[in-house]
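K.L.:
Quick one: the structure is below, and I'll ask about it shortly.
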Amino acid sequence: FNPELNTLSERVILFAKKSLLSGHQENMLFDRDELKIIGKYIHCSANWNAVNYNIKSPVISEVAIFDSFSFVNRPDDNWIRTIYNMSGEKLK
């Protein structure tokens, strides 16, 4: 286990329990140091990047969600990460 993450997770669990018991839903605030720790561990696939590409060429541009053909960092079937090359071909 990672001590940095354990400390944060314990704090989050305690906050959630207090919120549940009190019946009040509040936003949990993190200080600057905690946000730096969190930032080290958030994976890029937490953000799905919409891209526009056609089958025969590499990525053309970033696009609005309604024009998108693919989300390059989204989870695949059964929430397993699949890696694609820039032409959209599955690597693993």
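K.L.:
Name every residue in the stretch 1-44 that is within 30 Å of R81 (Cα to Cα), over 19 Å from the mean Cα position of the chain (by Cα) and of a type in the set (K, R), in order of residue number.
P.N.:
R11
K.L.:
In the stretch 1-23, how many residues are surrounded by fewer than 10 Cβ atoms within 10 Å (Cβ to Cβ) and modelled with pLDDT of 80 or more? I'd like the intermediate steps shown before the answer.
P.N.:
Pass one, the stretch 1-23, residues surrounded by fewer than 10 Cβ atoms within 10 Å (Cβ to Cβ): 1, 3, 21-23.
Next, only the ones that are modelled with pLDDT of 80 or more stay: 3, 21-23.
Result for the stretch 1-23: 4.
The values are calculated or read from the model by the stated rules, or taken from the named source; none is laboratory data. Since the model is a prediction, treat every value here as computed from it, not as a measurement. Cβ: placed from backbone, ideal geometry, glycine included. Neighbour counts: every protein chain shown.
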